[in-house]
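K.L.:
Dropping the structure in here first, questions after.
The values are calculated or read from the model by the stated rules, or taken from the named source; none is laboratory data. As the structure is a computational prediction, the values presented were derived from the model and not from experiment. Every residue, glycine among them, receives a Cβ derived from its backbone with ideal geometry; neighbour counts consider all protein chains shown.
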Amino acid sequence: MDIEKRLREFKIILPEVESVGNYLLTRKVGNLVYISGQLPKVEGRIVFKGRVGRDTRLETGQKAARICVINALAALKAEIGDLNRIRQIVHLRGFVASAIGFTDHHKIIDAASSLLVDIFGDAGKHARAAVGVVDLPLGAPVEIEMIVEIR
Amino acid sequence: MDIEKRLREFKIILPEVESVGNYLLTRKVGNLVYISGQLPKVEGRIVFKGRVGRDTRLETGQKAARICVINALAALKAEIGDLNRIRQIVHLRGFVASAIGFTDHHKIIDAASSLLVDIFGDAGKHARAAVGVVDLPLGAPVEIEMIVEIR
Amino acid sequence: MDIEKRLREFKIILPEVESVGNYLLTRKVGNLVYISGQLPKVEGRIVFKGRVGRDTRLETGQKAARICVINALAALKAEIGDLNRIRQIVHLRGFVASAIGFTDHHKIIDAASSLLVDIFGDAGKHARAAVGVVDLPLGAPVEIEMIVEIR
């Protein structure tokens, strides 16, 4: 299975990675790559804003989660050159900015998990945590972190 | 020290693990096992709900934290077969859904930390973080993640 | 570059580490050290309290973030003896207790990231996540976790 081909099948185009200041989008240690918390940015701008369950619908939160994953994969590709080097997605942590009283954070993060499994199959399955918060940087509804094992 | 015996001494019965959809309860990489965020579920249902300091008392939050740890150990056992293979608990992160203004999150997570040390002795000691949030998935008062080194 | 000398140049004096009960300030696994979530404590007391954007100004939050990093380095030194053994800072996660509606959490965590780069140069660069929450243990405005690779 060629991952670049899979991405094309899903019509996923990995964006240019943005430069960040005093930290890194990814840090490699041994055969693990830690990916910095990704926001639903497109061309440098947050495309969905606000809290899920108040300003933002569940489905919009799920779209935002998928964009976070795509941005994470773009960052990873910039680090490792070829996404076919991914051996397994190890871990995904998703923070969901949500209306007070909202308790369906896992449904937002399910969209991120499903996208990884769609693209990578069993290698895309991961341990994960879904957590609710009130606000995220730049007003984003979702922030996603990942750890990936490469070969 | 036999861990199964220790569990019996503490009258801890590890539950059947629940199946999850598009992610994994645990992911192994090298000799580390990442355990997905565990909620205080018994037989598939959240047994304590709501925010500590508002709907839920401190002691109830501590009970919930212990159930999260037991569920994490059940997930780990399903992955590695025998809990005697645990070399050390590396890390524990506990999120506590709490009333606005509540600042004793660490006392909830202390119950999780203490249970691990009770069961595993020095091998059960871990680096950790205790964090407050407003809401967690399914209305749970506590969510606990762990990383474990196995032999 | 001698790290102890760098710390002196920045007039940073690492504090005595505090003893914790049923967990550890650091846990080593292989050549990684996980550092427990650090609060802006000086001599055992939280020196800044409250939520950034309400009780606490942005600049105060940044000062708090720097103290968290210094406490993390003190904990790390107690584990590894000599900070010159640091090969790279792998990951930093910063939780910011903030006023509802505050979305500049990354600016608080930037202060932590910058301090690490100031001290360690390229080895201090790291993957990271900045997350907003409503309350943190003991009323701290910032909590910082780190993973470090040593040689």
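K.L.:
Tell me yes or no: at least one residue of region A:28-36 is without any contact (Cβ under 8 Å) to a residue 40 or more places away in the chain and of a type outside the set (Val, Ile, Thr).
P.N.:
Checked against the condition, which is being without any contact (Cβ under 8 Å) to a residue 40 or more places away in the chain and of a type outside the set (Val, Ile, Thr), region A:28-36 yields at least one hit.
K.L.:
A follow-up question, please. Please enumerate the residues belonging to region A:1-54 that are in a loop (DSSP other than H, G, I, E, B) and touching a His at 6+ places or on another chain (Cβ under 6 Å).
P.N.:
Narrowing region A:1-54 to residues in a loop (DSSP other than H, G, I, E, B): A:1-2, A:10-23, A:25, A:30-31, A:39-40, A:43-44, A:47-51, A:53-54.
Within region A:1-54, just A:Tyr23 meets the criteria.
K.L.:
Considering every residue within region C:80-103, establish whether at least one is closer than 24 Å to A:Val20 by Cβ, part of a loop (DSSP other than H, G, I, E, B) and touching a Pro at 6+ places or on another chain (Cβ under 7 Å).
P.N.:
Looking for residues that are closer than 24 Å to A:Val20 by Cβ, part of a loop (DSSP other than H, G, I, E, B) and touching a Pro at 6+ places or on another chain (Cβ under 7 Å), one finds at least one in region C:80-103, hence yes.
K.L.:
Does B:Ala65 qualify as being in contact with an Asp or Glu (Cβ under 9 Å, 6 or more places away or on another chain), within 14 Å of chain C (Cβ to nearest Cβ) and either of a type in the set (Lys, Arg) or not in a strand (DSSP E or B) (or both)?
P.N.:
Yes; evaluated as a whole, the condition is true for this residue.
K.L.:
Tell me, which residue of region B:33-43 that is more than 7 Å from every other protein chain (Cβ to nearest Cβ) and at pLDDT 95 or above is farthest from A:His105 (Cα to Cα)?
P.N.:
To start, the set of residues in region B:33-43 that are more than 7 Å from every other protein chain (Cβ to nearest Cβ) comprises B:33, B:38-43.
From the residues that got through so far, the ones that are at pLDDT 95 or above too are B:33, B:38-42.
Details: B:Val33: 24, B:Gln38: 14, B:Leu39: 13, B:Pro40: 16, B:Lys41: 16, B:Val42: 20 Å.
Residue satisfying both the conditions and the ranking: B:Val33.
K.L.:
Being free of Cβ contacts under 8 Å to residues at least 40 places away in the same chain, within 11 Å of the chain's Cα centre (by Cα) and more than 10 Å from chain B (Cβ to nearest Cβ) is the filter here, so list the residues in region A:89-144 that pass it.
P.N.:
The answer is none; no residue qualifies.
K.L.:
Determine whether region A:68-77 contains at least one residue that is in contact (Cβ under 8 Å) with a residue 60 or more places away in the chain, closer than 27 Å to C:Asp110 by Cβ, in a helix (DSSP H, G or I) and of a type in the set (Gly, Ala, Ser).
P.N.:
Looking for residues that are in contact (Cβ under 8 Å) with a residue 60 or more places away in the chain, closer than 27 Å to C:Asp110 by Cβ, in a helix (DSSP H, G or I) and of a type in the set (Gly, Ala, Ser), one finds at least one in region A:68-77, hence yes.
K.L.:
Does any residue in region C:1-27 that is free of Cβ contacts under 8 Å to residues at least 12 places away in the same chain come within less than 6 Å, Cβ to Cβ, of a residue that is not in a loop (DSSP other than H, G, I, E, B) six or more places away or on a different chain, and which pairs are these?
P.N.:
Within 6 Å, the pairs are C:Asn22/B:Ser113; C:Asn22/B:Ser114; C:Asn22/B:Val117; C:Arg27/B:Val90; C:Arg27/B:Ala127; C:Arg27/C:Tyr34.
K.L.:
Restricting attention to region A:15-55, report how many residues are touching a strand residue (DSSP E or B) at 6+ places or on another chain (Cβ under 9 Å), surrounded by fewer than 19 Cβ atoms within 10 Å (Cβ to Cβ) and basic (Lys, Arg).
P.N.:
3
K.L.:
Here's something else I'd like to know. Can A:Leu76 be described as among the hydrophobic types (A, V, I, L, M, F, W, C), under 15 Å from the mean Cα position of the chain (by Cα), at pLDDT 95 or above and under 20 Å from C:Val90 (Cβ atoms)?
P.N.:
Criteria met by A:Leu76.
K.L.:
Now a separate question. For region B:7-32, enumerate the residues that are under 15 Å from the mean Cα position of the chain (by Cα) and under 14 Å from A:Ala129 (Cα atoms).
P.N.:
B:Leu25, B:Thr26
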